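Read the figures in this text as sums done on the coordinates, not as results from a lab. For clarity, every value in this text was computed on a predicted model and none was experimentally measured. Here the Cβ is made from the backbone with ideal geometry for all residues, glycine too, and neighbour counts use every protein chain on show.
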């Protein structure tokens, strides 16, 4: 609940409360447990609620209409602006009875593998709370790509072109690219780097590497030349 | 996993496997555990994977680009029709290391309460599997287009890792990278190439260039050595 920003927990006839094991497992969400309201009956727990949604994997012949979690979340968030809404979950072992479900206006189901459709209670709660959070922030759709701290601005065209020229020079001087038979090597590398959309910093790194290779090849070339000139004819 | 119709579980260095407690908790999903593949390293686990998504609540300065779970699920389902996709989760206590995250093309985050954003591992897995199921069965996910005449299939994980090793070798032998002070050069290049999602052909071209540079440096190195040995003291 807390991971999704929900805080009001109501417990109906808990077997043990407060429960040291529950507190331990709650980790830093133990404030939710500490504030939980404990009721002696379902009716007491639901007092004041206008809309009540029951989570149930089972189909009920006599139950209220059933909605998948995502659609239910949209509806719940719309209601929550103006009225009390309650979500009702059964316990881990028995779930909700027909009588309990019939106290609700809707059932909510989680679309699942029909051959194995019953989620753990904790998973079901997590999932519903997640859908509620997403439905609540629908006005502000989640950011698709979080800014990476060290990301730098995209490199301008001329810097990208200078990188390609530099790359080509090293491809030739290393003997990898035969200018007489260039095949499509450069076009393919352009496609790769174009797809990535190079940042200014990345160009600097790549050109730094090309520089280092060129310097090393030139230095060794000079020594080689010296060696060949001074060596035996 | 099983509630959402997923079945392929790979475990990297599990503390205990098979684990009677895990089997007991799996209830009727123990078939997933029984079929789980156990690997000794992350690279072994990811061998053959084309797209690797890491789930991480933490923001990584040097990590790959991050997508919220729903958008990631759409993308994953689109990829899964044509290539192996892996989802990588860290363990409950430590999560994923930066090095592990850098082996992936994307990170996935679950939009959550910013003051309490870390879900249990089981909840996170449940949620991702749920989003995958909905993406797979709720309408037609948008197709990821890579329509380019000379596009080749994406390179599998192990080939990409071998390219990074080769690149690092040349970065060191050219004098560009000081292994004692690596800064974040490799992480930044991983981010760049991860974003591009390298194709098999592109790996061949890049490694061909690295090979040519290495050969040239080695040949000239040998001549240099000869020259230095035969030169005046």
Q) So what's the Cα pair-distance distribution over segment A:2-136, bin width 5 Å, in %? A) 2, 9, 19, 24, 23, 15, 7, 1, 0
Q: Please average, across the residues of B:27-38, the number of beta carbons from any other chain that are within 10 Å of each residue's own beta carbon, and give a whole number.
A: 1
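Which percent, to the nearest 5, of DSSP beta bridges fully inside the protein assembly as shown are antiparallel?
Antiparallel bridges make up about 20 percent of those DSSP assigns within the protein assembly as shown.
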Q) For chain A, what does -39500 (n - 2.57) per DSSP helix run (n ≥ 4), summed and divided by total residues, give at 222 nm, in deg cm²/dmol to the nearest 500? A) -14500 deg cm²/dmol
(Q) So if I take the centroid of the Cα atoms in segment A:16-69 and the same for segment A:194-209, what is the distance between those two points in Å? (A) 53
Q.
Between B:175, B:95, B:200, where does the largest GNM mean-square fluctuation fall for chain B, given springs only between Cα atoms within less than 10 Å?
A. B:175
Q. Counting DSSP beta bridges with both partners in chain A, what percentage is antiparallel, nearest 5?
A. 20
Q.
With 10 angstrom as the radius, rank B:157, B:166, A:157 by how many other C-beta atoms surround their C-beta, starting from the fewest.
A. A:157, B:166, B:157
Q. Dividing the Cα convex hull volume of the protein assembly as shown by residue count, how many Å³ per residue is that?
A. 186
Q: Obtain the nm distance between the two label points defined at residue A:218 and residue A:44 by a simple spin-label model: each point lies 7 Å from its Cα along the Cα-to-C-beta direction.
A: 8.6
Q.
With an 8 Å Cα cut-off and a minimum separation of 6 or more residues, compute the relative contact order for segment B:68-218 in percent.
A. 31
Q: Work out the mean other chain Cβ neighbour count within 10 Å for the residues of A:109-121 and drop it here as an integer.
A: 5
Q: List B:197, A:161 from most exposed to least, where exposure is judged by having the fewest other Cβ atoms within 10 Å.
A: A:161, B:197
Q) Shielding of A:202-209 by partners, i.e. mean partner chain Cβ atoms within 10 Å per residue? A) 4
(Q) Can you sort A:121, B:87 from fewest to most other Cβ atoms within 10 Å of each residue's own Cβ? (A) A:121, B:87
**Q.** Degrees, to the nearest 10: B:200-230 long Cα axis against longest axis of chain B
**A.** 30
Q.
Give me the tail of P(r) for chain A as a percent: Cα-Cα pairs with distance above 26 Å.
A. 60
Q. How long, wide and thick is segment A:157-230, going by the Cα atoms along their three principal axes, in whole angstroms, largest first?
A. 49, 30, 15
(Q) I'd like the orientation of helix A:121-136 relative to chain A: the angle between its Cα long axis and the longest Cα principal axis, in ° from 0 to 90, rounded to 10. (A) 70
Q: Please sort A:125-133, A:8-16 by packing, taking for each peptide the average over its residues of neighbouring beta carbons within 10 angstrom, highest first.
A: A:125-133, A:8-16
Q: Kindly list the residues of segment A:13-53 that lie in the label zone of residue B:15, defined by a backbone N under 12 Å from the point 7 Å along the Cα-to-C-beta vector.
A: none
